[in-house]
Amino acid sequence: MDHRTKRAGVTPRGLLMAVALLAILWTAGIGGVPFIESSGDETAATTAGLARLAYRPVCHQIPHRSLALGGRPFTVCARCTGLYFGGAAGLALMALGYGRVRFPGRLWLLLAVTPTVLDFGMGHLAGVSLPNLARLAVAFPAGLMLGGYLAIGVADLGKSWSRRAEEARSAQSSPATTDRLQVGG
Amino acid sequence: MERSTPSVWMPALIGGAVFGVAGAIPILNFLNCLCCALVIGSGFLAAFLYSKECRKTNTAFGGGGGAKVGVLAGVFYTVFGSIVQWIIGLITGATFDFEEAIAQIESNPQIPPETADSIIRVLESIGSGGMWLLLPVSLVIALIFATVGGLIGGAVFKVEPAAPSEPAL
């Protein structure tokens with residue numbers, strides 16, 4: 001069985017569901033890790049520490065810029081929390097409403113991303129910083145739109161895989177026709 | 001007349017190189033704290049450049065092409081980022097000191113104690129000789145996020161090929 005035949009089982013919606021599930025798991029870890037740490041169990045604390053390490057390359061993890069659960073900071077800052085929660089929501093919405101949801105145009109993406117870019121710029125250039133919950137709220141729409149567009153891209157990737165698998169199947173099932181076409185062409 | 005599919009190499013090279021260099025420059029690399037914005041940007045820029053080529057040649061472009069050009073941009077991002085980081089280290093004389101890195105992590109008030117403990121534990125377990133192991137980790141992160149950028153770019157800059165016009169008789 002070649003790789004193209006294996007891909008035959010992948011449907012665009014299935015691929016989108018899988019990516020949405022991964023995003024939800026990743027997002028659950030943001031609030032889940034401090035929850036696990038608060039359990040007091042040594043093994044759980046070590047696992048949670050390693051999970052924090054996994055989030056380290058994608059966020060500065062500054063405690064006072066992060067939301068907290070039981071006095072322990074989330075694994076990413078408030079802005080990243082908003083982006084990831086929004087992204088997971090966008091992916092999940094598109095996966096659940098596959099084929100029925102029409103996503104807003106590019107202008108809406110720009111409008112959604114602008115406030116969080118401004119917030120980031122103001123914070124680093126002018127030192128003006130929003131409170132954590134406001135930073136999360138500002139980042140959420142940007143995440144939602146980016147997640148939605150990511151879902152469109154993933155579904156498109158799934159469609160191209162399905163198409164290729166379909167072509168491979170039809171080429172395998174009718175080699176004689178293909179040969180005749182090649183000779184005739 | 002049927003035109004050939006444009007090459008993904010040049011857009012991926014440009015996207016990866018531009019953002020890889022930016023990601024290696026101190027202060028500018030802080031943008032990566034925004035959900036790896038620079039890495040995602042490399043895939044997104046590569047997808048944008050590739051979509052322009054596809055438009056010129058009337059070739060279809062979407063998520064599949066975006067993922068392909070994005071993943072390649074991630075490879076170039078890591079290569080260029082590592083090279084520039086190494087050059088900057090040579091110029092500034094800031095070579096990697098294992099003991100100093102651990103001391104810095106321990107004394108940094110911005111790193112939560114839980115994270116600091118985890119980082120130190122991992123660093124100590126791999127030892128100073130195993131620091132090269134961090135390169136594949138960077139590569140994996142770059143591949144994932146640059147592909148995400150490429151997929152988003154594929155959706156944003158989607159190209160549907162125009163139907164061929166009837167030849168004039």
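Worth a mention:
- Only a single item in (1) at the interface with chain B (Cβ under 8 Å from one of its Cβ atoms); (2) buried (at least 19 other Cβ atoms within 10 Å of the Cβ) is not met by A:ALA92, and it is number (1).
- The condition of being open to solvent by 50 Å² or more (accessible area, probe 1.4 Å) and at pLDDT 85 or above holds for A:ILE24.
- Top-ranked residue in segment A:7-66 [being within 12 Å of chain B (Cβ to nearest Cβ) and among the aromatic types (Phe, Trp, Tyr); ranked as nearest to A:TYR84 (Cα to Cα)]: A:TRP26
- When segment B:10-30 is filtered for residues that are over 19 Å from B:ALA47 (Cα atoms) and either crowded, with 19+ Cβ neighbours inside 10 Å or at pLDDT 95 or above (or both), only B:ALA24 remains.
- Filter result for the condition that a residue is in contact (Cβ under 8 Å) with a residue 60 or more places away in the chain and out of contact with any Cys (no Cβ under 7 Å at 6 or more places or on another chain), over A:GLY105, A:GLY99: A:GLY99
- When A:ARG100 is tested against (1) at the interface with chain B (Cβ under 8 Å from one of its Cβ atoms); (2) closer than 20 Å to A:ALA18 by Cα; (3) of a type outside the set (A, V, I, L, M, F, W, C), exactly one condition is not met: (1).
- Test result for B:THR147, assigned to a helix (DSSP H, G or I), modelled with pLDDT of 90 or more and of a type in the set (Ser, Thr, Tyr): yes
One line per residue, one yes/no per condition, for (1) more than 10 Å from every other protein chain (Cβ to nearest Cβ); (2) free of Cβ contacts under 8 Å to residues at least 60 places away in the same chain; (3) in a helix (DSSP H, G or I); (4) touching a Ser or Thr at 6+ places or on another chain (Cβ under 8 Å):
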| position | (1), (2), (3), (4) |
| --- | --- |
| A:LEU118 | yes, yes, yes, no |
| A:LEU125 | yes, yes, yes, no |
| A:LEU130 | yes, yes, no, no |
| A:GLY143 | no, no, yes, no |
| A:GLY147 | no, no, yes, no |
| A:GLY153 | no, yes, yes, no |
| A:SER162 | yes, no, yes, yes |
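- Cross-chain or 6+ apart pairs with Cβ under 9 Å, segment B:43-57 first and closer than 10 Å to B:PRO6 by Cα, then of a type in the set (D, E, K, R) and open to solvent by 10 Å² or more (accessible area, probe 1.4 Å): B:TYR50/B:LYS68; B:SER51/B:LYS158; B:LYS56/B:ARG3; B:THR57/B:ARG3
The values are calculated or read from the model by the stated rules, or taken from the named source; none is laboratory data. Please read all numbers here as calculations on a predicted model, not as lab measurements. Cβ: placed from backbone, ideal geometry, glycine included. Neighbour counts: every protein chain shown. The protein model used for the area step is the full one, side chains on, heavy atoms only, and it has no ligands, DNA or RNA in it. Shrake-Rupley method; radii C 1.70, N 1.55, O 1.52, S 1.80 Å.
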